[in-house]
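Chemist: Structure incoming, see below.
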Amino acid sequence: YSIIPAITLDGIIAYDIVEGPPSLQQFLRFLKEQVMPFTNPYPGPHSVLIMDNCHIHHGEDIRCLV
């Protein structure tokens with residue numbers, strides 16, 4: 001199992017648990033359904049999204065969404 005969290009300075013705002021490593025489609029759905037509703041235009045609160053260099057964090061679908 002893998003846990004996909006979205007963490008702010010105030011704590012975890014969203015998470016998903018998937019069996020095995022998350023796929024690009026699972027990660028994209030998590031961002032779209034659970035993370036993006038909490039975001040705001042820059043420079044507002046929750047306007048910066050930081051992801052590490054995991055290969056599913058990079059791609060045109062992710063770039064277009066965020």
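The values are calculated or read from the model by the stated rules, or taken from the named source; none is laboratory data. What you see is a predicted model, and the numbers here were worked out from it, not measured in a lab. Here the Cβ positions follow ideal geometry from the backbone for every residue, glycine too, while neighbour counts run over all protein chains shown. Calculation scope for accessible area: heavy atoms of the full protein, side chains included, ligands and nucleic acids excluded. Shrake-Rupley method; radii C 1.70, N 1.55, O 1.52, S 1.80 Å.
Chemist: Can you find, within region 29-50, the residue that is least open to solvent (accessible area, probe 1.4 Å) among those that are assigned to a helix (DSSP H, G or I) and touching a helix residue (DSSP H, G or I) at 6+ places or on another chain (Cβ under 8 Å)?
Modeler: So the first thing to find is which residues in region 29-50 are assigned to a helix (DSSP H, G or I), and the list is 29-38.
Filter once more, so that each one left must be touching a helix residue (DSSP H, G or I) at 6+ places or on another chain (Cβ under 8 Å): 31-32, 36.
Values: Leu31: 5, Lys32: 120, Met36: 46 Å².
The qualifying residue least open to solvent (accessible area, probe 1.4 Å) is Leu31.
Chemist: Right, another one. So which residues in region 1-18 are part of a strand (DSSP E or B) and either free of Cβ contacts under 8 Å to residues at least 12 places away in the same chain or among the β-branched types (Val, Ile, Thr) (or both), if there are any at all?
Modeler: Ile3, Ile4, Pro5, Ile7, Thr8, Gly11, Ile12, Ile13, Ile17, Val18
Chemist: A further question on this structure: Can Pro21 be described as part of a loop (DSSP other than H, G, I, E, B) and touching a strand residue (DSSP E or B) at 6+ places or on another chain (Cβ under 9 Å)?
Modeler: Considered against the rule, which asks whether it is part of a loop (DSSP other than H, G, I, E, B) and touching a strand residue (DSSP E or B) at 6+ places or on another chain (Cβ under 9 Å), Pro21 comes out as yes.
Chemist: Residue check, Gln26 against (1) at pLDDT 90 or above; (2) open to solvent by 100 Å² or more (accessible area, probe 1.4 Å); (3) in a helix (DSSP H, G or I), all met but one. Which one?
Modeler: (2)
Chemist: Sticking with this structure for a sec: Restricting to region 6-23, what's the tally of residues that are more than 16 Å from Leu49 (Cβ to Cβ) and open to solvent by 100 Å² or more (accessible area, probe 1.4 Å)?
Modeler: 2
Chemist: So, one more: Go through region 25-66 and count every residue that is out of contact with any Leu (no Cβ under 8 Å at 6 or more places or on another chain), among the hydroxyl-bearing types (Ser, Thr, Tyr) and within 18 Å of Asp10 (Cβ to Cβ).
Modeler: Residues in region 25-66 being out of contact with any Leu (no Cβ under 8 Å at 6 or more places or on another chain), among the hydroxyl-bearing types (Ser, Thr, Tyr) and within 18 Å of Asp10 (Cβ to Cβ): 1 in total.
Chemist: Determine whether region 51-58 contains at least one residue that is open to solvent by 50 Å² or more (accessible area, probe 1.4 Å), of a type in the set (A, V, I, L, M) and within 11 Å of the chain's Cα centre (by Cα).
Modeler: yes
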